[in-house]
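The values are calculated or read from the model by the stated rules, or taken from the named source; none is laboratory data. All figures in this text were calculated on a predicted structure; none of them were measured in a lab. Cβ sites come from the backbone with ideal geometry, for glycine too, and all protein chains shown count toward neighbours.
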Amino acid sequence: MQRVAIIRFPGSNCDEDALRAAARAGTDAYYVWHRDTDLKGADVVVIPGGFSYGDYLRAGAIARFSPALSAVQRHAAEGGPVLGICNGFQILCEAHLLPGALMRNAGLSFVSKPVDVTVENTRTAFTAGYAPGTRLRLPVAHGDGRFVADPETLARLEGEGLVVLRYARAEDANPNGSMHDIAGISNPEGNVVGIMPHPERAAEPALGSEDGAPFFTAMAVPAPTGTAATSTAGTP
C-alpha cells in the first residue's frame, strides 16, 4: 500500500478533504506537520489547499521556507510524486519546483465556484487515469490563481506538453485570467504537478461528483512517469 503524506501548515483548510480522498482511494494517508523534516516513508506527497501562514507577504511565500518543504524538495528530486492543490500549487511555484507564479485574480476578487477544465497531459503521476481531452468539472476557491510566466517559460510549457489542466475555452471558463487558460502544470519528469482546482472536493458520490477521484486513485499504486507528455490543445 502506498503511503501518502499530507503536509499541514497553519492556515491549511483542505488537508482533511485531501486525506479523506487519498484514504478512500486505498492509500495509507497521514499528516506531516510543517515543522517536521521527516516525511515518514512517504511514497507520495500532497500539499493541500488553504492559506498557509495566512498568505502573508504573498500566497505560499512563507511556506516555501518551512522545514517540511526541504523534505518535499528532496523527495521530488529523487523522483517522488508531489501534488500541489491550490495553495499547494502556489507553494510549489514559490519553491521553484514548478515554473511561473500565481498572482491576484484578474477581477481582484475571490472566486469560489465549479469550473470546466480539460485534461491536457495524461503522462504524469496523477493524471494517468484520464484520457487526453477529458472534460472535468471541479471547484475552484482562490484569490490568487492567475498563472503567469515569461514568454520563454510559456513556450516551453506548451511545446513540451507540460500543461496538465486548462480552463475550457469554448465556455469562457477561465475564472482568474490565467495566461493560456492554464489551470495546472507539471515538471518535465511528470512527478511534480500543481493545479488550482480542487479534485478532493469532487472525489466521491456524496460530494456530487467523482471527476477528481482519479488524481487520488493514481496514488494507490506505484506508477512510472516519463518526460514525454500527451497534449491535446497545442499552443494557443
Which listed residue, of V164, V192, is more than 24 Å from G208 (Cα to Cα), among the β-branched types (V, I, T) and buried (at least 24 other Cβ atoms within 10 Å of the Cβ):
V192
Starting from residues that are under 18 Å from F89 (Cβ atoms) and not β-branched (V, I, T), keep the ones in segment 29-51 and report whichever is surrounded by the fewest Cβ atoms within 10 Å (Cβ to Cβ).
H34
From the list G26, G79, G84, which residue is surrounded by fewer than 19 Cβ atoms within 10 Å (Cβ to Cβ), at pLDDT 95 or above, small (G, A, S) and within 22 Å of E200 (Cα to Cα)?
G26
So A71 fits all but one of (1) surrounded by 22 or more Cβ atoms within 10 Å (Cβ to Cβ); (2) within 15 Å of R8 (Cβ to Cβ); (3) not hydroxyl-bearing (S, T, Y); what number is the exception?
(1)
Can you tell me which residues in segment 95-115 are charged (D, E, K, R) and closer than 24 Å to G212 by Cβ?
K113
Can you pull out every residue in segment 29-67 that is within 19 Å of the chain's Cα centre (by Cα), part of a loop (DSSP other than H, G, I, E, B) and of a type outside the set (G, A, S)?
H34, L39, D43, P48, F51, R58, I62
Quick check on L154: is it among the aliphatic types (A, V, I, L, M), farther than 27 Å from M219 by Cα and surrounded by fewer than 23 Cβ atoms within 10 Å (Cβ to Cβ)?
yes
Given the criterion in contact (Cβ under 8 Å) with a residue 24 or more places away in the chain and in contact with a Phe, Trp or Tyr (Cβ under 7 Å, 6 or more places away or on another chain), identify the matching residue among G49, G11.
G11
